[in-house]
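Read the structure below first, then the notes.
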Amino acid sequence: MKQDKTIEIMLLTLILFALVIPISFGGIPANPNMTYNYTETVSPKPAAYLTTTGGTFTTLVLNISAQDYKWKAYVGNATGKLALQDQTNYSIYDWRLSTISGNVFVSRNNSIDWSNISCANRTLIENEDTYLNLNSSRSDSINMTFNSSQHKRFYAASKLITNSTCPAISTYIGGTSQSNGEANKFQEVLLKDTANNMLYTTMLENSVIGFDNNRYDFQMIVAEDETKQTGTTYYFYLELI
């Protein structure tokens with residue numbers, strides 16, 4: 001009888017413990033602490049000039065690489081740890097990570113429903129173009145920029161994203177474009193949540209040579225409304241896997 005009573009107490013304790021501590025099936029992306037050192041843009045080049053004499057006829061071919069103010073880029077590195085915490089962020093234990101894996105998500109929205117992440121569709125992408133005063137038929141619109149679907153298989157907020165199913169690009173390495181391929185570094189994919197909030201998503205690398213031959217964990221581009229005097233606010237979410 002005493003043994004049965006002890007077992008009942010133990011079971012009751014386990015049930016209460018389960019009710020108090022939330023159970024999580026897979027990680028949820030969180031707002032990271034963020035530091036940045038500087039923001040830069042291209043410096044204006046001096047004007048080209050030509051001196052010719054009267055009575056001559058000169059045929060010119062003019063070429064320029066003009067800064068595109070419809071886009072902005074973010075590059076950098078990610079650090080973090082895995083922790084077992086309660087709802088007040090007290091940790092009972094944590095694990096330092098020697099290598100980082102996961103995703104960086106960037107969105108105009110500060111509240112994302114992570115319950116069922118999926119690929120962004122063309123309607124949503126064109127709506128985002130419209131919001132940012134971009135013409136979806138222009139080559140530098142979101143719609144035309146993310147016109148490929150070559151990317152690797154990955155998990156986003158515990159949802160499996162099958163390889164080459166979403167709009168995707170790969171940003172440059174050493175100032176040079178990468179050929180389309182599922183094995184590319186610095187892949188960027190367009191996803192959405194159940195409320196149709198678009199998510200620019202890039203998978204973390206581990207100190208890989210990036211666009212300027214420096215090493216980064218991530219690099220990505222997001223669209224901007226060039227008609228606005230102040231930039232569009234984007235919210236960052238980091239997921240460690």
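No lab work stands behind these numbers, since they all come straight from the coordinates. Computed from a predicted model, the values in this text were never measured in an experiment. Here the Cβ is made from the backbone with ideal geometry for all residues, glycine too, and neighbour counts use every protein chain on show.
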(request) Pop the C-beta distance of Tyr131 and Leu160 into the FRET formula with R0 = 30 Å and round what comes out to the nearest 0.05. (result) 0.55
(request) Please go through the residue pairs Lys159/Lys192; Lys72/Lys159; Lys81/Lys192 and name each one whose alpha carbons sit more than 20 Å apart in this structure. (result) Lys72/Lys159; Lys81/Lys192
(request) Quick one: net charge around Thr194, please, counting Lys, Arg +1 and Asp, Glu -1 for every other residue with C-beta under 14 Å from its C-beta. (result) 0
(message) Could you sort the peptides 76-88, 161-173, 96-108 by per-residue average Cβ neighbour count (10 Å cutoff), highest mean leading?
(response) 161-173, 96-108, 76-88
(message) Let's test this: bin the Cα-Cα distances of region 71-240 at 10 Å from zero up to the farthest pair and state each bin's percent.
(response) 10, 36, 37, 14, 3, 0
(request) Give, as ranges by residue number, the residues of region 217-233 whose backbone N falls under 20 Å from the point 7 Å along Cα→Cβ of Asp140. (result) 220-233
(request) Count the net charge of all other residues whose Cβ sits under 14 Å from the Cβ of Thr165, scoring Lys and Arg as +1 and Asp and Glu as -1. (result) +4
(request) Working from Cα positions, state the angle (0 to 90°, nearest 10) between the long axis of helix 122-131 and the longest principal axis of the chain. (result) 70 degrees
(request) Filter the trypsin sites (Lys or Arg not before Pro) in region 132-205 to those in DSSP coil with at most 11 other Cβ atoms within 10 Å of their Cβ, and list the result. (result) Arg153
(message) What does the net charge come to around Val222 if you take all other residues with beta carbon closer than 12 Å to its beta carbon, with K and R at +1 and D and E at -1?
(response) -1
(request) Using a 10 Å cut-off on Cβ atoms, rank the peptides 230-241, 201-212 from the highest mean neighbour count down. (result) 201-212, 230-241
(request) Pop a pseudo-label 7 angstrom from the Cα along the beta-carbon direction at both Glu226 and Lys45 and give the gap in nm to one decimal. (result) 1.7 nm
(request) Please name whichever of Cys166, Ser101, Ser141 sits farthest to the positive end of the charge dipole of the chain, dipole taken about the Cα centre and charges placed at Cβ: Lys and Arg +1, Asp and Glu -1. (result) Ser101
